[in-house]
Amino acid sequence: MEITQFVVLLCFTSVFADSLIASNDECNSDNYPFTKIGNKYYLVNTGMKMNWFEAAHVCRTYDSDLATIESEAEMNALAFHLTTNGQLGKYFWTSGSDLALEGKFMSLSNGRPMTYTKWSGGQPDNAGNNEHCVHLWNVNNLLHMNDYPCTGQGYPICERRKPSKCCDVENCINIMPKCALSKLLQTYLQTASIFNCVG
Ligand SMILES: [Ca+2]
Ligand SMILES: [Ca+2]
């Protein structure tokens, strides 16, 4: 590589690094319409009751998915939020269902078995052989899960996806070799063809 080509490559490296930093700032500043509850961002949508399928669609319109509660801490944070907003008595849809295989509850949002459950007493009971979708309900002033008819009515709790375009410093370092080097190589090849142009 000639020195001039190397200098140009360094310039493009610097510009690309700056663009990464800028996009990172943009991503961190805009969480609307989601609210931070515990360590995740949710949209608790109590505008209209709907069935589980409609709830999943509504979340997708916000580029999000029905909530997947993954720990006692996340459950407690949601319970606290719903209690303080006077919404604990409502039914809320989550991403869980055993639609694919009876008794095997999976998250529609991440395609994996539910890693955390907090069923209320006697649940899941698949009542009437027709309960395949997981909602949250209040039992003895505590938020629990229940399997419920997917065509029943509830409100969606949407969960913001983990930002894929954004990255913290640690993730940027991991991503750099995959995406940045490819772009830098393309840039270099374009630059090299300019340098080799004799016309
Ligand atoms: Ca079921
Ligand atoms: Ca049930």
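For the range 43-69, the set of residues classified as open to solvent by 30 Å² or more (accessible area, probe 1.4 Å), touching a Pro at 6+ places or on another chain (Cβ under 6 Å) and modelled with pLDDT of 95 or more consists of VAL58 only.
Using the structure shown, decide if GLU72 is open to solvent by 50 Å² or more (accessible area, probe 1.4 Å), under 23 Å from THR151 (Cβ atoms) and charged (D, E, K, R).
Judged against the criteria, GLU72 is not a match.
If you filter the range 84-138 down to residues that are within 12 Å of CYS150 (Cβ to Cβ), part of a loop (DSSP other than H, G, I, E, B) and touching a residue at least 40 places away in the same chain (Cβ under 8 Å), you find that the one that is most open to solvent (accessible area, probe 1.4 Å) is LEU108.
Scanning the range 118-127 for residues that are more than 10 Å from ligand 1 (Cβ to nearest atom) and either under 22 Å from GLN153 (Cβ atoms) or in contact with an Asp or Glu (Cβ under 8 Å, 6 or more places away or on another chain) (or both) turns up LYS118, TRP119, SER120, GLY122, GLN123. Does VAL169 satisfy being modelled with pLDDT under 95, more than 9 Å from ligand 1 (Cβ to nearest atom) and not polar (S, T, N, Q)? So VAL169 passes the test. Test LEU78 against the criterion of being closer than 13 Å to CYS133 by Cα and in the same structural domain as PRO149 (by TED's automatic domain parsing), and give yes or no. Taking the combined requirement at face value, the residue does not satisfy it.
The values are calculated or read from the model by the stated rules, or taken from the named source; none is laboratory data. As the structure is a computational prediction, the values presented were derived from the model and not from experiment. Methodologically, a virtual Cβ is constructed for each residue, glycine included, from the backbone with ideal geometry; neighbour enumeration extends over all protein chains shown. Note: areas computed on protein heavy atoms with side chains; ligands, DNA, RNA excluded. Shrake-Rupley method; radii C 1.70, N 1.55, O 1.52, S 1.80 Å.
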